[in-house]
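Contents: one structure, followed by commentary.
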Amino acid sequence: MAGLRFRFSELIKEARALKSAATKYMANPDVLDSYVSQLQSYMDYGPNRTSKLTFGSEACPLKTTESKGRYEPGEREGKRNVVATISASWTISPLGNRSSKTRAKRELEVCGHAATWVKIFDVANRVNGDDTTPIATWHVDLGAPDAPGCYFHVHLGEGKDGKDGPFPKALPVPRLPTIFVTPMAVVEFVLGELFQSEWPKDCAAAVNVPWHTSQQPRFVELFRWQMGQLKGGTSPWMALKLAPPPPGDLFLPKR
Amino acid sequence: MCADAGGKPHILVIDDEPISMVLGAGGESRTLQPEDVRIGDLAWADLVVVDNYLDDWPEREALGDRIARKPLTGLALAAVLREHVDLSGKLTGKLTAFAIQTGRLEQLRGRLREPAAPHLLARCNNLEWVFSKSEARRDEQMLLLAAAVRLIPQEWPEDGEEAEDKLRSLLELTGDEDWFGRCWHEVLACHAPIHELRNPDSHGLMLLRWLLHDIMPHPCFLSEIHWVAARLQLPVNDLQAIMVDGTSELANQLGSLEYKGLLVGFLGRRWWRGALEDYVWDLLGGGAASAQKLHAALQELAGRELGVIEANPAVVCLDADLQPERIVSALEAVRLRPDTWPAYADAAWTTIARANEEASLRAIVDPLDLGRLDDGDEA
């Protein structure tokens, strides 16, 4: 079955819009520049050439600025000072022929493993200034057709079946449904969690309309597709969990 | 040495024909033929306005083919006079702004596309402004510009903090406002020329040019009424009516967010963008941006029924002359990259329909948005 497809131009706009909206929350926003640069390079690849599209890396992920207890909203203040790191790796393949005439509409297909990792670190636990041991970790995946859980899901911790230790180490389930598809959407989710009061206010500013418009159509199509799965014959959750992967053109611009 | 901010602004008009200005009690003006201009006249003036067409200048014609001594147009003459002013200004510490006035703006465009906006014409010709004789507010604008020149210090404080204080004072950002921090941050993000002004060789008019050429004509830290209407999701006509009437609580609250600093009113009313964002946020109680909730709150404050712009998010779309035309959903618009649009300004938008119709707009559509146009291939 064909994988999810995205326009290169939409992913580039998305990254640039997020950088414009959220630079102040990022310790190393140049990670977004590298991501955009990759997309621009892959945009010129020949068709069906499988590649790894990476957003940061395990060694050099995007790191947020410090949230000094701001993961609690309003006047409340959390006890920890935390930072988050986000990195991603998507296996992709450009589609269609390279052509300057059709470059603006060129698409990529997700054709393998696609995951975005989030780790939360307590600044108090730093060793020689480095964040080494996370206090929380999860990854947002686009599922394989034969994987448990629904297609868009979150996998908590690094659980492997049979591994020693408490949850989430010892078990690869539960996989929780998610509405965050791209690495940029995951970044926004993390910012909203770590900066509960600040990010919503900044995000609402009119100057960040490009960010809103990069997300809105995708969310609408995702919810529309999910609604379409609730056909009866089983519980709504089972219907979503067992739904086949969405059509590849789900997130392509609709005319 | 600081400019004398007291006293009335002085405007010198250089024209080959007698003209009259309507300044009222707000300023003083003199009109001179080109041949009669002396350095003392320039020293007297805060603003020198030179008519671009100087056809009736017999002393110039009498020079025959000594073309280096024959400035043919007001543009040429302004350049000569500015050099005299700059030299004498170093001795007297006085600033003088220069502008051209013309009934035929299109003939000033040089290498610019037609029609070129006054701020572009001014920037390309080393002028503070270009006045069109058809502009109804021309005399008022001249007065505002001359008054602004009197407020600019010739020498800026060398200390960085003092320089920032001075800029805040000129922009009338007192620091007492709840939205001060946000607005000041936005000012700095627009490359306020503070540090250049601290250079002893700098020219204080750089600040005026920054405001006139870069800030006021574009959506930056100040919002023109169309952008305010888009943010409030109100039709522009409704918002204008509220502000003109001025009696409602909404008019009063929006009035407190208006820009009142240097060159206030020169290109119409402006509002502090950051203040407007804080205002909307507080009006909605810091919650999700519900269009219905916002509209209900604004209507209550206005004390009357208001229209609504349903599009959310709403963006101001520009026409082929890059002027605000209509407010639509961002999903029906594409971004433009006009040649002279400051990188720090908000995105320039036009409707997809407009971009499909107008070749001049299509040519400047952001390459990443080309795929959304008909036969949307890369240019």
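Filter the range A:24-81 for residues that are out of contact with any Lys or Arg (no Cβ under 9 Å at 6 or more places or on another chain) and aliphatic (A, V, I, L, M) and give the result.
Selection gives A:39, A:53, A:59, A:62.
Hey, any hits in the range A:3-19 for a residue that's small (Gly, Ala, Ser), under 14 Å from the mean Cα position of the chain (by Cα) and within 14 Å of chain B (Cβ to nearest Cβ)?
yes
For residue A:117, only one of the following conditions fails: (1) of a type outside the set (Val, Ile, Thr); (2) touching a His at 6+ places or on another chain (Cβ under 9 Å); (3) free of Cβ contacts under 8 Å to residues at least 40 places away in the same chain. What is its number?
The number of the failed condition is (3).
Have a look at B:375, B:319, B:339 and point out the one that is at the interface with another protein chain (Cβ under 10 Å from one of its Cβ atoms) and free of Cβ contacts under 8 Å to residues at least 60 places away in the same chain.
B:375
With the range A:39-144 as the region, which strands (runs of 3 or more DSSP E) entirely inside it contain at least 3 residues that are modelled with pLDDT of 95 or more?
Qualifying strands (runs of 3 or more DSSP E): A:51-55, A:81-94, A:107-122.
Residue B:314 - would you say it is farther than 20 Å from residue B:118 by Cα, touching a residue at least 60 places away in the same chain (Cβ under 8 Å), within 12 Å of chain A (Cβ to nearest Cβ) and under 27 Å from the mean Cα position of the chain (by Cα)?
Judged against the criteria, residue B:314 is a match.
Determine whether residue A:240 is in contact (Cβ under 8 Å) with a residue 12 or more places away in the chain and more than 14 Å from every other protein chain (Cβ to nearest Cβ).
So residue A:240 passes the test.
Would you call residue B:263 assigned to a loop (DSSP other than H, G, I, E, B), aliphatic (A, V, I, L, M), modelled with pLDDT of 95 or more and surrounded by 17 or more Cβ atoms within 10 Å (Cβ to Cβ)?
Here the answer is yes, as residue B:263 does meet what is asked.
Looking at the range B:355-372, which of the residues that are part of a helix (DSSP H, G or I), more than 13 Å from chain A (Cβ to nearest Cβ) and farther than 27 Å from residue B:190 by Cβ is farthest from the chain's Cα centre (by Cα)?
Here the residue is B:357.
Filter the range A:94-111 down to the residues that are out of contact with any helix residue (DSSP H, G or I) (no Cβ under 9 Å at 6 or more places or on another chain) and more than 12 Å from chain B (Cβ to nearest Cβ) and list them by number.
Within the range A:94-111, A:95, A:97, A:109, A:110, A:111 qualify.
Residue check, residue B:158 against (1) crowded, with 18+ Cβ neighbours inside 10 Å; (2) of a type in the set (D, E, K, R); (3) over 28 Å from residue A:204 (Cα atoms), all met but one. Which one?
(1)
Give just the number: which of (1) under 24 Å from residue B:287 (Cα atoms); (2) of a type outside the set (A, V, I, L, M, F, W, C); (3) loosely packed, with under 11 Cβ neighbours inside 10 Å does residue A:79 not satisfy?
(1)
Could you tell me which residue of the range B:270-285 is surrounded by the fewest Cβ atoms within 10 Å (Cβ to Cβ), considering only residues that are at the interface with chain A (Cβ under 10 Å from one of its Cβ atoms) and touching a Lys or Arg at 6+ places or on another chain (Cβ under 8 Å)?
B:284
Among the residues that make up the range B:326-347, is at least one of them of a type in the set (Gly, Ala, Ser) and in a strand (DSSP E or B)?
Yes, there is a match, as at least one residue in the range B:326-347 is of a type in the set (Gly, Ala, Ser) and in a strand (DSSP E or B).
Which of the residues belonging to the range A:14-64 are of a type in the set (Gly, Ala, Ser) and buried (at least 19 other Cβ atoms within 10 Å of the Cβ)?
Answer for the range A:14-64, where residues must be of a type in the set (Gly, Ala, Ser) and buried (at least 19 other Cβ atoms within 10 Å of the Cβ): A:15, A:17, A:21, A:22, A:56.
Taking only pairs six or more apart or across chains, which ones have beta-carbon atoms under 8 Å, a first residue in the range B:226-240 that is within 12 Å of chain A (Cβ to nearest Cβ), and a second residue that is in a helix (DSSP H, G or I) and acidic (Asp, Glu)?
Note: pairs meeting the criteria are B:229/B:238; B:231/B:277.
The values are calculated or read from the model by the stated rules, or taken from the named source; none is laboratory data. Everything numeric here is computed off the predicted structure, so don't read it as measured data. Glycine also receives a Cβ, built like all others from the backbone with ideal geometry; neighbour counts cover every protein chain displayed.
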